[in-house]
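In what follows, a single structure is set out as structure tokens and then discussed.
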Amino acid sequence: MPALRPQIAREKELLLPIRRYAKQKGFTAQVAELPFFEYRIDLYAVSKPSGDTIAVELKMKNWRRALHQALIYQLCSDYVFIALPLVKAKPVDILELSRHGVGLILVGLDRKCQVALEAVRSSEVRDYYRRPYVELLASA
């Protein structure tokens with residue numbers, strides 16, 4: 001059996017597995033740390049074939065803070081996810097995320113991603129926020 005990598009110690013260690021996962025799902029145009037109001041979207045990506053967008057907020061443990069940010073990101077993205085280390089997922093209220101249409105991606109010690117909750121297309125997305133990001137990534 002292969003040795004597991006050490007525990008995920010910092011938020012930025014979640015980014016590479018999430019990038020790979022998003023790319024596998026067709027979201028190949030990606031940008032990290034995209035400014036949106038006073039926040040920075042940890043990963044914003046566009047699927048060039050479908051035109052859909054995703055925003056992912058990475059957190060080590062504070063899922064409620066991540067949800068707060070995710071709700072704001074619904075203004076500029078079709079689908080919004082929170083990503084956490086698998087070992088920190090126990091206290092997450094899946095029903096609360098589900099009520100808001102926010103998805104949950106968990107990253108294991110093996111750096112593999114699993115979707116614990118699919119995101120629902122945001123009804124809050126505003127084209128005047130979304131379009132400039134899509135255009136930015138269209139040239140990437």
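Quick check on I8: is it touching a residue at least 60 places away in the same chain (Cβ under 8 Å), crowded, with 21+ Cβ neighbours inside 10 Å, of a type outside the set (K, R) and not in a strand (DSSP E or B)? The answer is no for I8. Assess whether S139 counts as being touching a residue at least 12 places away in the same chain (Cβ under 8 Å) and surrounded by fewer than 12 Cβ atoms within 10 Å (Cβ to Cβ). Judged against the criteria, S139 is not a match. Just so you know, in region 72-81 the residues that are touching a residue at least 40 places away in the same chain (Cβ under 8 Å) and of a type in the set (A, V, I, L, M) include one that is nearest to D127 (Cα to Cα), and it is L75. Among the residues of region 96-130, those identified as under 16 Å from V80 (Cα atoms) and charged (D, E, K, R) are E96, R99, E118, R121, E124, R126, D127, R130. In the set (1) more than 17 Å from E118 (Cα to Cα); (2) hydroxyl-bearing (S, T, Y); (3) touching a strand residue (DSSP E or B) at 6+ places or on another chain (Cβ under 6 Å), the condition left unmet by Y21 is number (1). Among the residues of region 118-136, those that are charged (D, E, K, R) and free of Cβ contacts under 8 Å to residues at least 24 places away in the same chain comprise E118, D127, R131, E135.
When A32, A83, A22 are checked against the criterion of being touching a helix residue (DSSP H, G or I) at 6+ places or on another chain (Cβ under 9 Å), under 19 Å from R130 (Cα atoms) and among the hydrophobic types (A, V, I, L, M, F, W, C), a single residue qualifies: A32.
If you go through region 11-33 and keep only what is more than 12 Å from the chain's Cα centre (by Cα) and either assigned to a strand (DSSP E or B) or buried (at least 17 other Cβ atoms within 10 Å of the Cβ) (or both), you end up with E13, A29.
When residues in region 82-117 are screened for being acidic (D, E) and in contact (Cβ under 8 Å) with a residue 60 or more places away in the chain, 1 of them pass. The strands (runs of 3 or more DSSP E) found entirely in region 36-123 that carry 2 or more residues being surrounded by fewer than 17 Cβ atoms within 10 Å (Cβ to Cβ) are 39-46, 113-117.
Each reported figure results from applying straightforward, stated rules to the coordinates on display, with no laboratory input. Computed from a prediction, not measured in an experiment: that's the story for all the values here. All Cβ positions, even for glycine, are placed from backbone atoms using ideal geometry, and neighbour counts span all protein chains on display.
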